[in-house]
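**Q** Below is the structure I would like to discuss, written out as structure tokens.
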Amino acid sequence: MLTIWGHENSVNVKKVLWCAAELDLTFNAIPAGGIHGKVKEPLFLSLNPNGLVPCLQDDENDLVLWESNTIVRYMAAKYGQSTWLLADASVRATAEKWMDWTLSSLAPALEPLLINAAQVKANPRDQKLINAGIKRCELLFDIAENALAKQSYFSGDGFGIGDIPIGCYAYHWFNMDIRRKPRTHLQHWYDAVSARPAFQSRVMIPLA
């Protein structure tokens, strides 16, 4: 039995839930983090001493994992070999570089923008921070656009784990009330990804 701890409108939890849905996995979901609390309780801290979600328990292997990208990699390797080709080192690396790029580059650029442009309602928005965030994200999405001019997905010719982290952030990028530079290849990729039932059920929900 798999158990996933987290709240469904966290970007990082969305990655794991989307991957699980793509793989048609059965799991026990425990709401945690945000309004649900639990992450500072002794039981949860015994699983993830960082006190953050998501967290995965796999009873079959007596395994506990945290870090969303690591959990996605694990589930794909264990349950998605036939479709996501993780046994092929070159295909795996092609996908995984985009997972790490999203974590190291796109997420830090986009998260302050999300807080100011999407989440803040009662308080004044920091327009200077919003403008700086948009400028930084536009440069990063230029990199993504150039890559997609050569391949259909960030994972290569087909959908895979490389598309999951960036897809979760792209949903919010495309749905914020801001002006965005048009990009043919990125838009085509996003249209394909957002048409997936698992994306629609697990990603297309508001942030906490």
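**Q** What helices (runs of 4 or more DSSP H) lie completely within region 73-160 and have 3 or more residues being under 17 Å from residue 176 (Cα atoms) and assigned by TED's automatic domain parsing to the domain that holds residue 172?
**A** Details: elements: 81-84, 89-101, 107-114, 127-148.
In region 73-160, 107-114, 127-148 are the helices (runs of 4 or more DSSP H) which contain 3 or more residues that are under 17 Å from residue 176 (Cα atoms) and assigned by TED's automatic domain parsing to the domain that holds residue 172.
**Q** Which residue, of 80, 34, is at positive phi and touching a residue at least 12 places away in the same chain (Cβ under 8 Å)?
**A** Values: 80 fails: at positive phi.
After ruling out the rest, the residue left standing is 34.
**Q** Yes or no: region 135-142 includes at least one residue that is loosely packed, with under 13 Cβ neighbours inside 10 Å and aliphatic (A, V, I, L, M).
**A** yes
**Q** Just to verify a result, which residue in region 66-82, among those that are under 17 Å from residue 24 (Cβ atoms) and among the β-branched types (Val, Ile, Thr), is surrounded by the fewest Cβ atoms within 10 Å (Cβ to Cβ)?
**A** Among those that are under 17 Å from residue 24 (Cβ atoms) and among the β-branched types (Val, Ile, Thr), it is 71.
**Q** Pairs needed: first member in region 124-135, among the hydrophobic types (A, V, I, L, M, F, W, C); second member anywhere, exposed (fewer than 14 other Cβ atoms within 10 Å of the Cβ); C-beta distance under 9 Å; at least 6 residues apart or different chains.
**A** Correct list of pairs: 134/179.
**Q** Checking the conditions here, which among 56, 63 is among the aliphatic types (A, V, I, L, M) and crowded, with 17+ Cβ neighbours inside 10 Å?
**A** Of 56, 63, the one residue that is among the aliphatic types (A, V, I, L, M) and crowded, with 17+ Cβ neighbours inside 10 Å is 56.
The values are calculated or read from the model by the stated rules, or taken from the named source; none is laboratory data. Please read these numbers as outputs of a predicted model, since none were measured by experiment. Positions of Cβ are generated from backbone atoms using ideal geometry, with glycine treated the same way; all protein chains shown enter the neighbour counts.
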